[in-house]
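None of the figures in this text is laboratory data; all of them are computed from the coordinates on show. For clarity, every value in this text was computed on a predicted model and none was experimentally measured. Cβ: placed from backbone, ideal geometry, glycine included. Neighbour counts: every protein chain shown.
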Amino acid sequence: MNARRWLGVTALVAALGAGGWYGYDRWHGRTAMAPTEQKADIKTALDDEPVQTDITTVDVSGGVDPSFGATPMKDRVAVLGLLNKRNGTSRDITLKPGAATRIGDVVVRLRACERTAPWEQQPYTGAFVQVDVQGSDKQFRRIFSGWLYKERPGLNVVLHPIYDVWVKSCAMTFPEGGPNSVSGGSASGEATPSSKAKKSPADSGAADDAPVTPAIASPSNAT
């Protein structure tokens with residue numbers, strides 16, 4: 001009985017020793033075979049690109065205003081058409097940006113007008129217009145606020161069962177020198193003219209979306 005117990009203990013010890021040695025040998029082998037971490041020298045197609053040596057940085061913070069000679073926004077004059085579809089009456093409304101006129105129960109306000117320069121490929125005449133109409137409760141509500149274009153009337157339409165408004169013209173001048181009024185600067189670092197023209201209400205967010213109070217609207221100067 002004791003001999004059998006002794007043989008069992010001896011076999012267990014031998015098995016544990018063999019397992020421990022096998023594990024140590026595997027760990028030591030992996031450590032020895034582990035590759036040394038190195039940074040790979042990888043080249044791409046960009047490495048073969050020639051170095052650009054003709055790049056010059058120029059200052060564009062100052063200089064002559066390229067908008068010199070253009071009509072300031074406040075001095076431009078737009079002519080809008082107004083149609084009353086109920087009685088078929090149409091009339092012209094002449095306004096400067098910021099002015100409004102009331103005709104019956106409709107108020108038309110001009111926020112801005114713009115026209116592409118003669119040297120531009122696509123001719124556009126646009127106006128940022130806001131239209132308020134008085135309802136049966138005597139309250140004025142805004143039915144339209146946005147840009148209208150003479151050459152592309154389908155881009156933006158005043159959707160109202162009675163009134164329709166469209167752009168007819170925008171009187172303004174353009175910068176002196178035409179398309180060559182702004183240069184790309186010089187290699188010596190000469191300042192390039194920078195534009196200081198004021199943004200239109202559509203870009204600057206200056207347009208007021210609240211309905212216009214009719215009491216401050218000027219009388220109609222329709223023809």
(Q) At R0 = 25 Å, how high is the FRET efficiency between LEU155 and LYS85 if r is their beta carbon distance? Nearest 0.05 is fine. (A) 0.75
Q) Around ASP92, what is the net charge, scoring Lys/Arg as +1 and Asp/Glu as -1 over all other residues with Cβ under 15 Å from its Cβ? A) +3
Q: For LYS168 and SER136, calculate 0.36 nm times their separation in residues minus their Cα-Cα distance, and state this gained length in nm to one decimal.
A: 8.5 nm
